[in-house]
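Structure, as structure tokens:
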Amino acid sequence: MQAELEKLIAESQRIVFFGGAGVSTESGIPDFRSVDGLYHQHYKYPPEVMLSHTFFMQHPEEFYKFYRDKLIVKNVQPNAAHKRLAQLEKEGKLTAVITQNIDGLHTAAGSQNVLELHGSTLRNYCMQCGKFYPVEAIADSEGIPRCTCGGMIKPDVVLYEESLNQRTIEKSVEALSNADLLIVGGTSLTVYPAAGLLQYYGGKNIVVINKTPTPADHTATLVLNMPIGEALKLD
């Protein structure tokens, strides 16, 4: 099966990768929706409530406590999947990584054209003056992180009730429309509107790499039910 994947990669020149949380679990970052993931842990409020725009505005201190505990990851490194995708881009074969992850590991691995649909914990900004802050501004602070101007610092991540960045969507649609191979990996394809972007893929071959079945399996050229790092690693 992996030989078939390598054959498809070898025959393609405009590969797009569309990935989710399963790409990062092999780096030690928990999946939101797995059995032991974020949504199955117990807090005062459900995670989907705490990660909403309304909750952020109404209970910022509680939001940041949860955010520091669960969303900011430290001492994690890109895994074999991140590194292989970066290598494919370097070889001129992969044109874009479209990711639902907010951990920045694709960029850390060396990928240049990374389209982060849900933003990144590595980027933060003052809601009042717009000043940029690195992740440490939130990770190393207590209570509500504040800018030098006094404004509240917000992570550049898309919370529930917030819209995806329009420019990121447009770039994703363009990349998918021009691709000749789409590799979908580490995602259940149940999170919308992100998963809906796959309809813009205009090529013939789709590879799905995921531990569990996805809605795209029936249209895929190749389905690999295995860890994505194992599927993409080079011998």
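The values are calculated or read from the model by the stated rules, or taken from the named source; none is laboratory data. Here the structure is a predicted model, which is why all the values come from computation and not from measurement. Because the Cβ atoms are built from the backbone with ideal geometry, glycine has one as well, and the counts that use them run over all protein chains shown. SASA here: full protein model, heavy atoms, side chains in, ligands and nucleic acids out. Shrake-Rupley method; radii C 1.70, N 1.55, O 1.52, S 1.80 Å.
Tabulated results
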{"quantity": "Given charges at Cβ of Lys, Arg, Asp, Glu: the chain dipole, positive-most of Ser111, Met152, His53", "calculated": "Met152"}
{"quantity": "Accessible area in square angstrom per residue, region 78-183, 1.4 angstrom probe", "calculated": "45 Å²"}
{"quantity": "Calculated from backbone phi, Karplus (6.51, -1.76, 1.60) coupling profile of region 159-169 in Hz, x at Gly/Pro", "calculated": "7, 4, 6, 9, 8, 5, 5, 4, 5, 5, 4"}
{"quantity": "Longest to shortest principal axis, alpha-carbon extents of region 49-117, angstrom", "calculated": "47, 23, 14"}
{"quantity": "Amide H contacts under 5 Å for Asn205, placed H, 5+ residues apart", "calculated": "Leu182"}
{"quantity": "Thr148-Gln58 FRET efficiency (beta carbon distance; Förster radius 22 Å; 0.05 resolution)", "calculated": "0.35"}
{"quantity": "R0 of 22 Å, Cβ-Cβ distance Glu4-Lys90: FRET efficiency to nearest 0.05", "calculated": "0.40"}
{"quantity": "Tilt relative to the chain, helix 60-70 - C-alpha long axis, 0 to 90 degrees, to 10", "calculated": "40 degrees"}
{"quantity": "Extended-chain gain in nm, criterion 0.36 nm per residue less alpha-carbon gap, Glu48 and Asp140", "calculated": "30.7 nm"}
{"quantity": "Whichever lysines have a C-alpha closer than 24 Å to that of Lys7, once near sequence neighbours (fewer than 8 apart) are set aside", "calculated": "Lys83, Lys90, Lys93, Lys204, Lys211, Lys233"}
{"quantity": "Rounded to 10°, Cα long-axis angle of helix 80-90 versus longest principal axis of the chain", "calculated": "70 degrees"}
{"quantity": "Antiparallel %, DSSP beta bridges [both residues in the chain], to 5", "calculated": "25 percent"}
{"quantity": "Accessible-area composition of region 130-235, carbon plus sulfur, in percent [1.4 Å probe]", "calculated": "50 percent"}
{"quantity": "Computed helical MRE - 222 nm, the chain, DSSP H runs ≥ 4 contributing -39500 (n - 2.57), nearest 500", "calculated": "-8000 deg cm²/dmol"}
{"quantity": "Charge dipole of the chain about the Cα centre (unit charges at C-beta), most positive-ward option of Gln128, Val208, Asn165", "calculated": "Gln128"}
{"quantity": "Karplus-derived HN-Hα couplings along region 173-179 (A = 6.51, B = -1.76, C = 1.60, θ = phi - 60°), whole Hz, x at Gly and Pro", "calculated": "4, 4, 5, 5, 5, 9, 6"}
{"quantity": "Within the chain: Cβ-based charge dipole about Cα centre, in debye rounded to nearest 20 (Lys, Arg +1; Asp, Glu -1)", "calculated": "280 debye"}
{"quantity": "Note, ³J(HN,Hα) from phi for region 71-79, Karplus 6.51, -1.76, 1.60, rounded to Hz, x at Gly and Pro", "calculated": "9, 8, 10, 10, 6, 10, 10, x, 9"}
{"quantity": "Extension gain (nm, one decimal) between Gln13 and Glu162, 0.36 nm per residue minus Cα-Cα", "calculated": "50.2 nm"}
{"quantity": "Placed amide H near Gly119: partners under 5 Å, 5+ positions off or other chain", "calculated": "Val158"}
{"quantity": "Residues whose placed amide H lies under 5 Å from that of Phe18, excluding near-sequence neighbours", "calculated": "Ile98, Ile183, Val184, Gly185"}
